[in-house]
Each structure stands twice: as structure tokens, then as C-alpha cells.
């Protein structure tokens with residue numbers, strides 16, 4: 001069995017060795033756009049994040065920047081073979097680093113993609129119109145308007161080349177997979193992804209040569225896409241639309257591109273290329289893990305070709321609320337793509353909850369606590385935070401260059417309290433908010449001005465001139481007001497630092513400060529915890545100031561100093577608390593933080609994900625219609641005849657009889673059903689119950705001709721036991737009246753909005769009917785209505801479930817299984833049934849099937865048979881595809897056994 005680890009970039013790339021480094025071309029703006037690199041004017045120039053002129057810096061600032069740029073890349077991060085125990089990359093290296101201080105500049109082809117279309121919709125429309133006209137003229141004249149691929153090829157890419165560990169991609173994932181392989185949690189792993197640079201300039205022979213080497217020697221499958229697909233997918237759709245929306249940055253300005261723009265087709269093309277590559281290499285029994293927002297469509301694309309494949313999807317970013325996600329023009333396609341997986345997993349429960357709500361609201365499907373019920377299958381939803389590889393990190397921290405840099409930094413900043421931070425300079429990471437809070441701290445607490453230094457590393461990112469200018473202004477102001485000849489409180493590095501310096505910086509810091517405005521797991525703080533626990537001479541155990549909007553804040557259990565990045569006063573106060581914290585409090589917090597980090601490791605993440613996917617896949621396989629056996633009538637007959645006490649629990653509509661009009665005032669049941677029930681009840685060995693979503697008055701009217709029949713009304717909220725006229729009400733009537741009044745007001749709003757809709761109120765549940773409304777409008781309103789009610793009634797133990805043409809609002813704590821459990825537990829021990837037969841056909845019955853399965857596993861009743869009437873995926877032990885007629889025939893056969 002092979003596990004496919006599918007992410008946008010492979011953990012490896014290629015370096016072409018000709019021409020020599022001094023002759024290597026500088027990456028033009030288009031390549032920077034494709035890979036998210038900062039444009040450089042000179043290959044030897046230090047990278048700058050500022051597209052505008054950088055303000056003059058003080059001599060101290062220049063010295064600090066030169067101080068941090070002296071080191072070369074650490075051997076711990078480069079030139080190592082796969083699965084080497086020392087193989088470790090930056091956990092947050094989602095995009096390439098560029099420049100001498102950031103790592104190696106690989107000699108690779110440039111992009112041949114056309115320039116990006118204009119930002120605004122109007123300009124884009126005009127561009128399309130002009131392009132279409134030009135193409136039409138070219139076709140009429142018989143001219144080819146685009147150069148052939150061979151014209152753009154460069155002979156330099158036929159030179160000698162080597163495979164190197166990549167400097168782009170999901171570093172946290174790469175480290176976790178490596179840890180999983182070494183520990184044995186993962187077996188054979190096959191990485192699937194892009195090679196990390198545009199490939200149109202390579203000829204087919206070179207591509208095949210690279211592909212074969214990566215597959216044979218590095219267990220990596222290379223996906224090739226055109227430069228235009230790569231550019232449109234990554235630089236445009238992912239970075240301009242998905243990334244901001246997933247992090248609550250809704251583009252609402254005139255240049256907004258959050259519409260279904262030109263880049264969507266490139267996103268689809270790249271996802272399809274990934275799916276095709278996986279399908280072509282898949283073998284039965286393989287496991288497929290798809291990672292992150294770049295590949296949201298891949299699970300469903302694979303599912304269409306491989307219906308029985310074992311597919312997991314993990315999102316490494318935040319997932320927004322339904323109000324934000326619904327802004328996407330292609331929201332349905334993205335959700336349906338994700339739901340092609342068997343297991344959809346998120347970093348924390350909040351993101352999983354948002355996903356479930358979004359599916360309910362936008363797709364109108366039933367979303368329960370542990371997953372989404374689709375028409376023919378169930379998709380499990382789970383949360384599990386990714387972690388780091390502490391063992392490898394501790395080994396890397398013992399490297400000679402790291403130890404040397406720790407000593408150098410301790411000497412450099414002797415007598416100072418160091419606050420450290422490393423972030424991308426974008427609108428998500430909150431660097432501007434952090435600097436403003438630090439400035440406020442210096443103004444508010446002047447006694448700390450000469451004692452503290454904030455070292456802010458701003459890593460490479462795509463250009464953002466407005467943010468860069470604002471940050472530059474803040475940095476200049478802090479330098480001008482608070483710097484002296486002897487002390488500079490802010491070291492702002494407009495470049496990344498080498499991995500060895502990064503580890504050393506985390507080791508000598510007194511505090512780590514992360515102020516992301518929205519982020520998934522920030523593994524920098526996990527690495528900080530490990531680096532703080534060195535030898536006795538350099539143990540620090542410093543606290544972490546952490547934004548409450550990060551996934552890491554949800555797993556650190558309050559032992560960090562949580563802050564709202566927008567509350568500058570509280571952030572400034574948190575800095576003071578961190579710096580003045582006594583050693584015992586530091587130790588207490590650090591001990592708990594380390595427990596969390598050591599518990600949620602990358603190795604544990606791999607192992608737990610694998611077990612959970614295997615578990616849910618096994619459940620799905622058992623519930624699949626093709627896997628559930630037909631009802632074994634002969635075996636059932638033998639059990640029935642042998643039993644002394646029998647319990648029948650039969651669903652009514654859709655099981656004993658076909659569905660009828662809900663608002664029909666004349667309630668009837670086919671005579672053959674009444675006859676079968678009367679015959680079953682006549683046998684003193686049988687206890688027979690009929691369950692339904694109808695009210696108790698309706699059931700009494702329908703089954704008044706069957707004396708001795710037990711009834712379960714409103715899907716388990718009411719029970720009338722056999723041989724009695726009294727009803728047991730499980731719900732609290734006062735609480736029910738309260739939530740019904742609140743829900744009634746909400747429903748009135750939707751009734752007025754949806755023509756043809758109406759409300760049916762029962763004793764313990766409400767149904768919002770939409771069967772007469774416009775189909776498209778009804779589906780949208782049903783999701784909105786269910787989402788609205790679930791938010792408003794979360795603490796009242798009520799849930800709203802969108803079903804076909806309706807929304808059902810019912811209690812969470814009572815269902816058919818709780819009613820049947822009451823029946824079983826009320827029966828005297830010597831009267832316990834030794835045979836139980838349960839038949840149903842709908843979602844409400846699945847809960848009962850699962851409960852019966854648990855009962856069967858405990859052997860509390862010797863013989864249990866559950867049967868699903870119809871054709872759907874089910875937790876029942878058997879199916880009856882002949883429908884209601886088939887069930888009546890089976891019951892008649894059992895009755896004949898009694899007579900004989």
C-alpha cells in the first residue's frame with residue numbers, strides 16, 4: 001500500500017548548473033508573480049520588501065542587517081537525500097525564499113506566461129473584447145498569433161542538472177511526513193506535486209528525464225502544467241482570491257477580483273492535471289491525501305474516476321465562516337470538490353464547524369457534528385492540529401553553526417531583553433499592528449526603552465506597496481523617536497535569515513510575539529518552545545504573545561498570552577507582562593506549552609490522520625449500498641422461529657407504506673399493512689412498535705384499528721407503549737414552547753421571503769415546507785434558514801436540518817434511538833427480547849441502526865437484524881431493495897412460520 005501525499009509543490013526541485021552562477025539571469029517580474037518571490041534588480045543585492053524607495057536608515061539599522069546576512073545556508077536544510085533524519089525545512093516555507101541570505105538561488109527557467117489581465121472587471125472585459133477581435137482577424141488571415149512552444153525553449157536547460165531540496169512548499173507538511181516515515185507511522189510514501197518552476201521552456205525529453213529521476217530515486221511524482229496554468233492558478237486565483245477570502249480579507253474595493261475571473265479556468269486546469277496524475281498511478285488499496293487550498297477540486301475529480309478510492313483532504317489554513325465563504329462566485333464547485341474525500345480534516349474545531357455550516361447553508365445538505373450526509377454517501381469531518389518534528393529540531397539546534405550563533409547573539413544583545421518575530425509582510429500576518437503596539441509600549445513604559453529590543457524578520461512576499469510604505473513609516477518613526485547612539489529598540493530586517501540564525505534567535509529570545517489577523521497553525525511558536533529548552537546555560541522558557549485568531553491559540557489551552565492584534569493597548573500591556581513575568585510563572589506556562597507541543601507532533605499527526613481515514617473508510621465501505629448484503633430471509637426466519645420474545649420496530653412512511661402528502665387531512669394506510677400489523681400483534685411473543693415523524697394524533701388516527709400496537713411519534717419525542725392509551729413525552733414542554741416561539745419568529749421572516757413556503761408546527765418539532773417554492777430559491781433559502789436557526793438556538797439543544805424540499809427543526813437530545821432504548825430498558829429482565837427486528841429507510845432511521853449495532857456488539861439481545869428499505873448508503877446490517885412491498889412480503893413469511 002502506498003500513501004500519496006499530494007500538495008502543490010514537491011519537496012524537491014531541480015538546479016541547472018549552466019550557465020555559471022555569475023551568469024544566471026535575474027528573475028523578471030513575471031517569475032516573481034508565479035512563485036511569489038520579491039523582484040530583485042541585482043542578484044547580489046539584499047532583498048527588499050519595499051517597492052517604493054526605502055527611507056534612509058540609521059547606521060545601527062544597517063549594521064544589524066549586515067549582521068544577520070553573513071551566514072550561508074545551513075547544511076541541515078540542503079543537499080540531503082530523502083528520509084535523512086537531519087532533513088528539516090522551515091515549517092512556514094509556503095513560498096520560495098530568494099536571495100543570498102534566504103537560501104540558494106537555483107538556475108531555473110523563467111515563465112513564458114502572458115501578462116496578467118487588468119485588475120478591474122471593466123478593463124478585463126475590454127481586454128477580452130480586443131483579444132477576441134484580434135484572434136478573429138488572425139484566423140481570417142490564416143496567421144498563427146502565438147509562437148510555438150519550441151520557439152521559447154532555451155538550450156541552457158539541456159545542461160547538467162541536480163535534484164535539490166525545495167525552498168518552496170509547505171514546510172510543516174514536509175517535516176511531518178518525514179517524521180511519520182521515520183517512525184513507521186507512514187509506509188511507502190509517494191509525493192505528488194509541481195517541480196517548483198515554470199517548465200514550458202523544457203523540451204519533452206528533459207521533462208521525462210527529470211520525472212523519471214524524481215520517481216525512481218526520490219519517490220516523487222511530477223505534475224507538469226503550462227506556465228499560463230501555473231501563473232493563473234497560483235499567482236492569481238490562489239493568492240488574489242482564495243488566500244484573502246480564507247483569511248477574512250474580503251476584497252471589496254474597485255480593484256476586487258473576487259469574481260469568477262479569468263483565473264478560475266487555470267485553477268480547474270491545474271487541479272485536473274493533479275487528479276489525472278494520481279489516477280494514472282493509483283493501485284487498489286492505495287491511500288490518497290490531498291493538502292491545502294491550492295487543490296480543493298482534486299478529491300472530487302479523483303472520486304469521479306475512482307469511486308472506491310480512500311481519499312483524505314487536509315486544509316492547512318483557516319476556513320472562514322459561511323458569511324465569508326459565500327462571497328466566492330464558485331462556492332458550490334469548491335465545496336463539492338472537497339466533499340469528494342472520505343475524510344475532510346481541519347486544524348481546529350472552529351474551522352471544521354465553519355465548514356459544516358457552510359455546506360449546510362450553501363449546498364443545502366444535512367451537516368451533523370461529525371460530517372456531511374450526501375445523497376449516496378457520508379463524508380466525515382474532523383479536526384487535528386499539525387505539529388512539528390521536535391526530535392529533528394533539537395538535533396538541528398545542536399549543530400555547530402547554531403551553537404556558534406547562539407553565543408554571538410548572546411554577546412551582541414547582552415543585557416537586553418529580546419522580543420523576536422518572523423512573519424511575511426502581508427495583510428494577514430499583522431506586522432503593522434505589532435509595530436504599532438510596540439511603539440505604544442515604548443511610549444507608555446519609558447523605563448523599558450533602553451532595555452528591550454524587538455527583532456522583526458520580514459520574510460519574502462509578493463509586493464504590497466501600500467502596506468510596505470505604512471510599515472516603513474512606522475519603523476522610521478520608532479527609530480527617530482526611541483533610538484540612541486547606544487541603543488536601537490527595533491531591528492526590522494527586510495529579508496529572511498538563514499535557518500541556523502533562525503534557530504539561534506528563537507533560542508536566545510526572551511519572548512516571541514505573533515499578531516496574525518487570521519491564521520491556521522503558526523508552527524513558529526511550536527519551534528520557539530523547543531528552542532527555549534536548551535542546555536542549562538541557555539534555557540530561557542520565555543512566554544509567547546499570540547494572536548487569539550491563530551489556530552495555535554486554540555491548542556495552547558490559555559498558557560500563552562493571548563491578544564487581539566487590533567487592541568494595541570492590550571498588546572502593549574502583554575509585552576510588559578511577558579518581560580516582567582517571574583521565573584516560576586514562566587516555568588509553569590512553559591511546562592504546559594511544551595506538553596502541548598510534544599503531544600501534537602508531526603509524527604502523531606501523520607499517525608492519527610492515517611488511523612482516522614482508515615476507520616471512516618471502513619465505515620463508508622460497510623455502509624455502501626453495494627457492500628450491505630440483501631436481507632437473508634431464510635436466516636431471519638430461523639432466528640424468528642427460535643425466539644421466545646420478539647421486538648419489532650418498524651418505520652411507517654417510506655418503509656411500511658409509500659410517502660403521502662404531509663398536509664393530507666384524511667390519513668389512511670393500505671389495508672394489507674394494517675392486516676400484517678394485526679397479525680404480528682396477535683402473536684403473544686411479539687412486541688410491535690411503529691415509528692414516524694407524524695404527530696401522536698395522526699398516528700392514533702392511522703393505527704386505531706390495530707389494538708396493542710406501540711407507537712413512536714415525532715421521531716422519538718413521544719412514546720405510547722403497547723396495551724396503553726397514555727403517551728410519554730420525553731421533551732420538556734416549557735422549554736419546547738420557548739424555543740418554538742423564537743424559531744417561529746425566524747421562520748416568519750423566511751415565509752415572507754419565499755413564495756409558496758409554509759410552516760407545519762408539531763408538538764416537539766417544526767417543519768418549514770418548501771416543496772411548492774421555486775427549486776433554486778428554495779435550496780438557497782433552506783440553507784440560510786437552517787444556518788440562522790442553528791446559530792440562534794445553539795444553547796437550546798435544537799437543530800435545523802435541510803432536507804429535500806423542507807427544513808426540519810427538532811430537539812437534539814431525543815430521536816428514535818432514545819425512544820427504543822427506553823422501551824428495551826423498561827422491559828423486565830425475564831421479559832427481555834431475544835430477537836429484535838428494525839426496519840427503516842431515512843436519515844432518522846440511521847441513528848437507530850447505529851444504536852442497534854452498538855447493542856448487538858454488546859450482545860444485550862442475542863439476535864438483532866436491522867434492514868434499510870430502499871437504495872441508499874446505510875448503517876443497517878441488510879437492505880431490501882424491493883421497497884415497502886418487499887418488507888410486507890417478508891413479514892408475511894414470518895407470520896406463516898408462526899402459524900406452522
TODO: Give me a count of the residues in the range 597-632 that are outside any helix (DSSP H, G or I) and either more than 23 Å from the chain's Cα centre (by Cα) or without any contact (Cβ under 8 Å) to a residue 60 or more places away in the chain (or both).
DONE: 9
Task: Count - residues of the range 854-885 that are in contact with a strand residue (DSSP E or B) (Cβ under 7 Å, 6 or more places away or on another chain), closer than 24 Å to residue 814 by Cβ and part of a helix (DSSP H, G or I) - done: 2
Open item on the list: Given the criteria farther than 22 Å from residue 176 by Cα, surrounded by 18 or more Cβ atoms within 10 Å (Cβ to Cβ) and not assigned by TED's automatic domain parsing to the domain that holds residue 806, does residue 358 qualify?
Closed with: yes
- [ ] Restricting attention to the range 760-776, report how many residues are touching a helix residue (DSSP H, G or I) at 6+ places or on another chain (Cβ under 8 Å), in contact (Cβ under 8 Å) with a residue 60 or more places away in the chain and buried (at least 18 other Cβ atoms within 10 Å of the Cβ).
- [x] 2
Task: Residue check, residue 571 touching a strand residue (DSSP E or B) at 6+ places or on another chain (Cβ under 9 Å), within 22 Å of residue 345 (Cβ to Cβ), part of a helix (DSSP H, G or I) and in the same structural domain as residue 415 (by TED's automatic domain parsing) - done: no
TODO: Go through the residues of the range 717-731 one by one and say whether even a single one is within 37 Å of the chain's Cα centre (by Cα) and either at pLDDT below 90 or buried (at least 22 other Cβ atoms within 10 Å of the Cβ) (or both).
DONE: yes
Open item on the list: So, residue 823, is that one out of contact with any strand residue (DSSP E or B) (no Cβ under 6 Å at 6 or more places or on another chain) and in contact (Cβ under 8 Å) with a residue 24 or more places away in the chain or not?
Closed with: yes
TODO: Please indicate, with yes or no, whether at least one residue in the range 828-841 is touching a strand residue (DSSP E or B) at 6+ places or on another chain (Cβ under 6 Å), crowded, with 16+ Cβ neighbours inside 10 Å, under 28 Å from residue 745 (Cβ atoms) and in contact (Cβ under 8 Å) with a residue 60 or more places away in the chain.
DONE: no
- [ ] Report whether or not residue 485 is out of contact with any helix residue (DSSP H, G or I) (no Cβ under 6 Å at 6 or more places or on another chain) and farther than 30 Å from residue 350 by Cα.
- [x] yes
Open item on the list: Given (1) closer than 13 Å to residue 715 by Cα; (2) not in a loop (DSSP other than H, G, I, E, B), identify the lone condition not met by residue 763.
Closed with: (2)
TODO: Give the range 700-712 a look and list any residue that's under 49 Å from the mean Cα position of the chain (by Cα) and free of Cβ contacts under 8 Å to residues at least 24 places away in the same chain, or say none.
DONE: 700, 711
TODO: Counting only residues that are under 28 Å from the mean Cα position of the chain (by Cα), farther than 22 Å from residue 160 by Cβ and modelled with pLDDT under 95, give me the helices (runs of 4 or more DSSP H) lying completely in the range 190-254 with at least 2 of them.
DONE: 227-230, 243-246
- [ ] Check 694, 639, 705 and return the single one that is outside the structural domain of residue 759 (by TED's automatic domain parsing) and in a helix (DSSP H, G or I).
- [x] 639
TODO: Return a yes/no flag: does the range 417-431 have any residue that is part of a helix (DSSP H, G or I) and assigned by TED's automatic domain parsing to the domain that holds residue 600.
DONE: yes
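Rundown of residues vs (1) at pLDDT below 90; (2) within 26 Å of residue 401 (Cα to Cα); (3) touching a strand residue (DSSP E or B) at 6+ places or on another chain (Cβ under 7 Å), yes/no style:
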{"position": "447", "(1), (2), (3)": "no, no, no"}
{"position": "477", "(1), (2), (3)": "no, no, no"}
{"position": "491", "(1), (2), (3)": "no, yes, yes"}
{"position": "498", "(1), (2), (3)": "yes, yes, no"}
{"position": "503", "(1), (2), (3)": "no, yes, no"}
{"position": "510", "(1), (2), (3)": "no, yes, yes"}
{"position": "516", "(1), (2), (3)": "no, no, yes"}
{"position": "523", "(1), (2), (3)": "no, yes, no"}
Task: Residue satisfying condition, being farther than 19 Å from residue 693 by Cβ, in contact (Cβ under 8 Å) with a residue 24 or more places away in the chain, surrounded by fewer than 17 Cβ atoms within 10 Å (Cβ to Cβ) and within 36 Å of the chain's Cα centre (by Cα), within set 779, 792 - done: 792
Task: Selection count, the range 833-844, where residues are in contact with a helix residue (DSSP H, G or I) (Cβ under 8 Å, 6 or more places away or on another chain) and either modelled with pLDDT under 90 or not assigned by TED's automatic domain parsing to the domain that holds residue 891 (or both) - done: 1
TODO: Tell me which of these residue 564 doesn't satisfy, since it passes every other one: (1) modelled with pLDDT under 95; (2) under 25 Å from residue 316 (Cβ atoms); (3) touching a helix residue (DSSP H, G or I) at 6+ places or on another chain (Cβ under 8 Å).
DONE: (1)
Open item on the list: Just to verify a result, which residue in the range 369-395, among those that are at pLDDT below 90 and crowded, with 17+ Cβ neighbours inside 10 Å, is nearest to residue 798 (Cα to Cα)?
Closed with: 373
Task: Listing of helices (runs of 4 or more DSSP H) fully contained in the range 289-345 that carry 3 or more residues being buried (at least 21 other Cβ atoms within 10 Å of the Cβ), within 10 Å of the chain's Cα centre (by Cα) and touching a residue at least 60 places away in the same chain (Cβ under 8 Å) - done: none
TODO: Search the range 346-355 for residues being in contact (Cβ under 8 Å) with a residue 60 or more places away in the chain and in contact with a helix residue (DSSP H, G or I) (Cβ under 7 Å, 6 or more places away or on another chain), and hand back the single one that is surrounded by the fewest Cβ atoms within 10 Å (Cβ to Cβ).
DONE: 350
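The values are calculated or read from the model by the stated rules, or taken from the named source; none is laboratory data. All figures in this text were calculated on a predicted structure; none of them were measured in a lab. Here the Cβ is made from the backbone with ideal geometry for all residues, glycine too, and neighbour counts use every protein chain on show.
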